[in-house]
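The values are calculated or read from the model by the stated rules, or taken from the named source; none is laboratory data. Treat the numbers as computed from the prediction; the structure is a model and nothing was measured. Cβ placement follows ideal geometry from the backbone for every residue including glycine, while neighbour counts extend to all protein chains displayed. Accessible surface areas use protein heavy atoms only, side chains included; no ligands, DNA or RNA. Shrake-Rupley method; radii C 1.70, N 1.55, O 1.52, S 1.80 Å.
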There are 2 protein chains.
Amino acid sequence: MAEHTGSPLVSLDPDECWRRLMSGATVGRVALDSGDGLVVIPVNFVVDGTDIVFRTAEHGVLGRAADWGRAVAFEVDELDDALRVGWSVIAQGQLRRAADDDAERLAKAVQPWAAGERRVVGRIVVERITGRLLAG
Amino acid sequence: MAEHTGSPLVSLDPDECWRRLMSGATVGRVALDSGDGLVVIPVNFVVDGTDIVFRTAEHGVLGRAADWGRAVAFEVDELDDALRVGWSVIAQGQLRRAADDDAERLAKAVQPWAAGERRVVGRIVVERITGRLLAG
């Protein structure tokens, strides 16, 4: 079953990972242990310094996790299935609720897709960022 | 900061979740605790019964996790950023290495993007599947 076809995987350095996070992608996925199994939740995000910021509902999985300060992974990718090229970036860090004085400014920058009140501004304080490029 | 705009979130029942996994999506993301933090790794996949199957390298994070039988979450989504509509499905279960007699058959069904030997066929035995629809 050896496979030697396909594209090589190349690691992206941290600067390149941040560049890709800031280059137009608006949807990422937050993975965390919800206490009831691992979950992966798509969110609209922005980069604020070296943090990743998104809005969520007060009593949802992400809102509760932000209050508790959970370890999370945040993933963004662009994968072209037809061309079999793409990249993915994973940022690992701590999810926190943004301080009140930050929350209003940040909330304006992130427009969630989903309806409903999304009062919590979650901030992932990134500790490590890695990425992989799949060149065509 | 209340938000009342945007699309309503609707839960998808398990049958609908499986239908979406089998309706043409070929890339999903496996989330797991690697022992060195949470990771989220894109893979090409197929559905085999009520399992999710993919190929990976022997000594990578997913290959090792398959040998150990780790709890994972598997996520697939289709999100249209321009239209702000889409859906996501999360399957939670145990990642195992496929039995040798299954591996050859399954390996032919899954064509990985990335180059290199990907001898391990990982099988996620799904225990719970949930989904959300973001209708326009």
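Among (1) within 11 Å of another protein chain (Cβ to nearest Cβ); (2) assigned to a strand (DSSP E or B); (3) of a type outside the set (Asp, Glu), there is one condition A:Gly122 misses while meeting the rest; what is its number?
So A:Gly122 meets the others, but not (1).
From the list A:Val47, A:Val53, pick out the single residue that is over 22 Å from B:Phe74 (Cα atoms), under 9 Å from the mean Cα position of the chain (by Cα) and more than 11 Å from chain B (Cβ to nearest Cβ).
Among A:Val47, A:Val53, only A:Val53 is over 22 Å from B:Phe74 (Cα atoms), under 9 Å from the mean Cα position of the chain (by Cα) and more than 11 Å from chain B (Cβ to nearest Cβ).
Only one of A:Leu79, A:Leu38 is among the hydrophobic types (A, V, I, L, M, F, W, C), farther than 21 Å from A:Leu134 by Cα and at the interface with chain B (Cβ under 7 Å from one of its Cβ atoms). Can you tell me which?
A:Leu38
If I filter the range B:83-96 for residues that are at the interface with another protein chain (Cβ under 7 Å from one of its Cβ atoms), surrounded by 15 or more Cβ atoms within 10 Å (Cβ to Cβ) and at pLDDT below 90, do I get at least one hit?
The answer is yes, given that some residue of the range B:83-96 is at the interface with another protein chain (Cβ under 7 Å from one of its Cβ atoms), surrounded by 15 or more Cβ atoms within 10 Å (Cβ to Cβ) and at pLDDT below 90.
So, in the range A:6-31, of the ones that are within 7 Å of another protein chain (Cβ to nearest Cβ) and either farther than 21 Å from B:Ala31 by Cα or open to solvent by less than 20 Å² (accessible area, probe 1.4 Å) (or both), which residue ends up modelled with the lowest pLDDT?
Here the residue is A:Gly6.
It is to be established whether one or more residues within the range B:53-63 are of a type in the set (Ser, Thr, Tyr) and surrounded by fewer than 18 Cβ atoms within 10 Å (Cβ to Cβ).
Checking the range B:53-63: not a single residue is of a type in the set (Ser, Thr, Tyr) and surrounded by fewer than 18 Cβ atoms within 10 Å (Cβ to Cβ).
With a cut-off of at least 2 residues that are farther than 17 Å from B:Cys17 by Cα and without any contact (Cβ under 8 Å) to a residue 60 or more places away in the chain, name the strands (runs of 3 or more DSSP E) lying wholly within the range B:31-105.
B:38-48, B:71-80, B:85-97
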